[in-house]
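Beneath this line is the structure, given in structure tokens, with notes to follow.
The values are calculated or read from the model by the stated rules, or taken from the named source; none is laboratory data. From a predicted model like this one, the values you see are computed outputs, not experimental measurements. Every residue, glycine as well, gets a Cβ built from its backbone with ideal geometry; the counts of neighbours run over all protein chains shown. Note: areas computed on protein heavy atoms with side chains; ligands, DNA, RNA excluded. Shrake-Rupley method; radii C 1.70, N 1.55, O 1.52, S 1.80 Å.
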Amino acid sequence: MIAQELYDLLKTTFSDGILEAKLDGVIDPWVSVAPDRILDVARFLRDDERTQFDLLTLLSGVDMTKGTLAAVYHLYSMKRNHKIVLKTFVPETHPHVQSVASIWRTADWQEREAFDMYGMIFDGHPDLRRILMPDDWDGHPLRKDYQVPEFYNGMKVPY
Amino acid sequence: MGLLNQRFENGNVLLTSVDDVLAWGRLSSLWAMQFGLACCAIEMMATGASHYDLDRFGTFFRSSPRQADVMIVAGTVTLKMASRIKTLYDQMAEPRYVLSMGSCANCGGPYWEHGYHVLKGVDRVIPVDVYVPGCPPRPEALMEGLLKLKEKIRKERLILKQTA
Amino acid sequence: MDATLTEVEKGRRPTTIPGLGRALRTEEMVISMGPQHPSTHGVLRLDIVVDGEIVADVIPRIGYLHRCFEKHCEHMANYQQVIPYVDRLDYVAAMSNEFGYVVAMEKMLKIQVPERVEYIRVIMAEFSRIVSHLIAIGTYGLDIGAWTPFLYCMRDREHVLDIFEETCGARLLYNYMWIGGLSHDVKPTFKDKVLEFCKYFRPNIKELNDLLSYNKIFIDRTASVGVLPGDVAVNFGVSGPVLRGSGVQWDIRKNDPYSIYNRFDFDIPFGKGEKGKVGDCWDRYMVRVHEMEQSVNIIEQAAKQLPEGDVQSAIPKRISPNASGPRRVRYTCAPRPRRASWGTTSYPTGEVDR
Ligand code: SF4
């Protein structure tokens, strides 16, 4: 399926859940989904006969600046050999996205990473803890406004 | 014993100081702690394996800190890892030595500026005896570092009373 | 079971001793393994829940080598400066990392690279695969108690490193593939050396098989152990030899070819459950061995077809990104890109997205 067909399919199935899309002029066409509908969309994309996205290749967090965070899902179907990118945008003040860890287990650790690095909260995640940084670390390092602390546990951090 | 090998008739006496013998004994079998942290560890492995054969210098890797004389810190020390390194160092029996291998362990290496999770030099948590520069240092450089450490041990005096 | 057991104790599994007829209560114990443990080969910590001799659960804890690559890539002045950092992502196969990054960047900047560059890149990437697999196989044997195969693997690895060193001066981290080209052309003797290595290496794979792969002790310890079924592997996003070891015939070089991989004739090895069940440890191991054979095939074909040409003609003069706009961070993490690019390349330990 090409991106346009996928978009039409999603639009007819989840009319209000699909917010916008950019299908031409980009290397990877993407569709933006409402943060509280992503779980339904993900389940549909994995289970539907026409889409069969069985592989979540990458889930990443992005700081879009101006107070917006995004989660980006790169989906791939090994059976049908097509791909699509989903994006959800959430405000920094209320960074709640539905977790898709129950659909693709890949998302488990990658959502933890997005939480660790950007402070996005994935509702329904089985075990949302920091993954890379130490548990007692303050702040989310990949946010654009992040300030590196002077000391951590008595160790000087800057050079 | 290459120098002394089959040089003497039977029952000879060699004169030397006890300190020299102790130093000679310690430097001839420096057991290193097997402790790979990052890329440099791969070069350390290569040094220990068939091509470079670290064993000929009397150095081979032990898994337990309690059996090791020298800790080769090979790679990037992150803040999460730093406290563990301190613990491992404390577990080693004295006299103990630390060889810092690679720019990362020396000073933070390529991550010195933006590495918010990288400790800029392992000498911020444990004392270091020898620094080997490079990213990664070649196996020859690591060997050179160990030889330098041996020179240092050769000059150490354990029994002699320290003045001042 | 005893009715007075507390709630917590009920959760523990009783062990029945045959002949004794009653349940012997055992306690689960949590053992922290790592981050300094000789068999983790790097810094990984596992909290292992054991019930006697049986491992009931494993909780991995990572992040001991989080080196803030994304932050560094954000702060670099141009795309080219990122390459030394991608080298260090997986230092065992640095060439493959560079390959992934430059392919993604060229896609984004719409650069067509010369033929010669493509061929050299493929040769280097496949050499990287061999190097990486040799370490994987060698240390795998090491962990199981076989010291000798490790030495044999490291011996062969040095031959490849010699070729790398002759070409770009570094043994481990190369900064060799640049966006649009290569940092140096190969030496005139390169082709002969490569072909010579192929001839040298093939019998060594057989030697390795005799030494380790078909060793009875090795098979007993790996066959039917740690079975990962194919569908579970896909759901967990597993790729590379581990996925193929689970019997899924999937290789990005064949299924979604990039660079010039469609010009070469090679097979995709996958787990068949030869010694036990499909997807067991032995299958995963053996896929790596077969992949090395296939890599030698590809290298040989590429070296024979290696065309003449300039390797630096397509390197753009200036590739500094525009200063505004959001940044895609992750492996596509070019500094301030206005467009996001994303390339998937095959990689010794799996598939990577950049
Ligand atoms: S010094 Fe260089 S090679 Fe060594 S660990 Fe650091 S980045 Fe890796």
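Can you list the residues of segment B:80-103 whose accessible area drops by at least 50 Å² going from the chain on its own to the full set of protein chains, with a 1.4 Å probe?
Going by heavy-atom accessible area, the residues of segment B:80-103 that drop by at least 50 Å² are B:Lys80, B:Met81, B:Arg84.
Sequence neighbours fewer than 8 away in the same chain don't count; with that in mind, list the aspartates and glutamates whose C-alpha is under 18 Å from C:Lys193.
By straight Cα distance, C:Lys193 reaches C:Glu126, C:Asp156, C:Glu158, C:Asp162, C:Glu165, C:Glu166, C:Asp185, C:Glu293, C:Glu300, C:Glu308.
Between A:Met155 and C:Ile217, what is the label-to-label distance in nm when each label sits 7 Å out along the Cα-to-Cβ direction?
Between A:Met155 and C:Ile217, the label points sit 3.9 nm apart.
For segment A:125-144, state which residues have at least 20 Å² less accessible area in the presence of all protein chains than in their chain by itself, taking the probe as 1.4 Å and leaving out ligands, DNA and RNA.
Flagged in segment A:125-144: A:Arg129, A:Ile131, A:Leu132, A:Met133, A:Pro134, A:Trp137, A:Pro141, A:Leu142, A:Lys144.
Hey, which lysines would be in cross-link range of B:Lys80, C-alpha to C-alpha under 29 Å, not counting anything within fewer than 8 residues on its own chain?
A:Lys144, A:Lys156, B:Lys120, C:Lys71
Can you return the lysines within cross-link range of C:Lys191? Criterion is Cα-Cα under 21 Å, with same-chain partners fewer than 8 residues away left out.
Of all the lysines, those that pass the test against C:Lys191 - Cα under 21 Å, at least 8 places apart if same chain - are C:Lys199, C:Lys304.
Tell me, what % of the accessible area of segment A:52-140 is carbon and sulfur with a 1.4 angstrom probe?
Carbon with sulfur: 50 percent of the solvent-accessible area.
Roughly how large is the C-B contact in terms of buried accessible area, totalled over both chains, probe 1.4 Å, nearest 100 Å²?
So the total buried area for this chain pair works out to about 3100 Å².
Given the C-alpha centroids of segment B:119-150 and segment B:1-21, what is the distance between them in whole angstrom?
Between the Cα centre of segment B:119-150 and that of segment B:1-21, the gap is 33 Å.
Within segment A:109-134, whose backbone N sits under 19 Å from a point 7 Å along Cα→Cβ of A:Val148?
A:117-118, A:132-134
Given C-alpha coordinates of segment A:37-148, what is the ratio Rg to Rh with the Kirkwood estimate of Rh?
Using Cα coordinates only, the ratio equals 1.00.
Report, to the nearest whole %, how much of the accessible area of segment C:153-245 belongs to carbon and sulfur atoms, 1.4 Å probe, protein only. Walk me through the numbers on the way to the answer.
On the way: 2250 of 3880 Å².
Ligands and nucleic acids excluded, carbon and sulfur reach 58 percent.
How far, in degrees from 0 to 90, does helix B:139-155 lean away from the longest principal axis of the Cα atoms of chain B, to the nearest 10?
In chain B, helix B:139-155 runs at an angle near 50 degrees to the longest axis.
Probe radius 1.4 Å, ligands and nucleic acids left out: can you give me the accessible area buried at the A-C interface, summed over both chains, in Å² to the nearest hundred?
Details: alone 8860 and 17830 Å², together 23790 Å².
Interface area, both chains combined: 2900 Å², rounded to the nearest 100.
Can you list, largest first and rounded to whole Å, the semi-axes you get for segment C:110-241 by taking the square root of 5 times each eigenvalue of its Cα gyration tensor?
Ellipsoid semi-axes (Å, largest first): 32, 21, 12.
Report relative contact order for chain A in percent, whole number only (criteria: Cα-Cα under 8 Å, sequence separation at least 6).
17 percent
Sort B:147-158, B:31-42 for me by packing, meaning the mean count of neighbouring Cβ atoms within 10 Å per residue, highest on top. Walk me through the intermediate numbers first.
Values: B:147-158: 14.6, B:31-42: 24.0.
For the peptides B:147-158, B:31-42, the packing ranking is B:31-42, B:147-158.
Over chain B, with the other protein chains present, what is the accessible area per residue in square angstrom, probe 1.4 angstrom?
49 Å²
Taking the Cα atoms of the protein assembly as shown, what is the range of coordinates along each of the three principal axes, in descending order and whole Å?
Taking the Cα atoms of the protein assembly as shown, the three principal extents are 99, 82, 57 Å.
On C-alpha positions alone, give me the angle between the axis of helix B:39-48 and the longest principal axis of chain B, in degrees, nearest 10.
Rounded to the nearest ten degrees, it is 20.
Which value at 222 nm does chain B reach when only helices count, each DSSP H run of 4 or more adding -39,500 (n - 2.57), with the total divided by all residues and rounded to the nearest 500 deg cm²/dmol?
-10500 deg cm²/dmol
Placing +1 on the Cβ of each Lys and Arg and -1 on the Cβ of each Asp and Glu in the protein assembly as shown, which of B:Phe8, B:Phe57, B:Trp112 has its Cα farthest towards the positive end of the resulting dipole?
Toward the positive end, the furthest listed residue is B:Phe8.
Measuring from a point 7 Å past the Cα of B:Thr163 along Cα-to-C-beta, which residues in segment B:1-43 have an amide N at less than 20 Å?
Answer for this model: B:17-20.
Could you grab the relative contact order for chain B? Cα pairs under 8 Å, six or more apart, rounded to a whole percent.
Rounded, it is 24 percent for chain B.
Report, in debye and to the nearest 20, how large the dipole of the protein assembly as shown comes out about its Cα centre when Lys and Arg carry +1 and Asp and Glu carry -1 on their Cβ.
In debye, rounded to 20, the protein assembly as shown gives about 880.
Within 10 Å of each Cβ in A:111-119, how many Cβ atoms from other chains are there, averaged over the peptide?
Numbers: counts 0, 1, 4, 1, 0, 2, 6, 1, 0.
Neighbouring Cβ atoms belonging to other protein chains average 2 per residue here.
Excluding ligands, DNA and RNA, what is the solvent-accessible area per residue of chain A at a probe of 1.4 Å, expressed in Å²? List each step's numbers first, then the result.
Numbers: 6920 Å² over 159 residues.
Ligands and nucleic acids excluded, the result is 44 Å² per residue.
Over 21 Å, how big is the tail of the calculated P(r) for chain B, in percent of all Cα pairs? The partial results should precede the final answer.
On the way: 6680 of 13366 pairs.
Here the tail beyond 21 Å accounts for 50 percent of pairs.
Could you tell me which of the pairs A:Lys79/C:Lys110; C:Lys107/C:Lys254; C:Lys110/C:Lys187 are separated by over 23 angstrom between their Cα atoms in the structure shown?
With Cα atoms farther than 23 Å apart: A:Lys79/C:Lys110; C:Lys110/C:Lys187.
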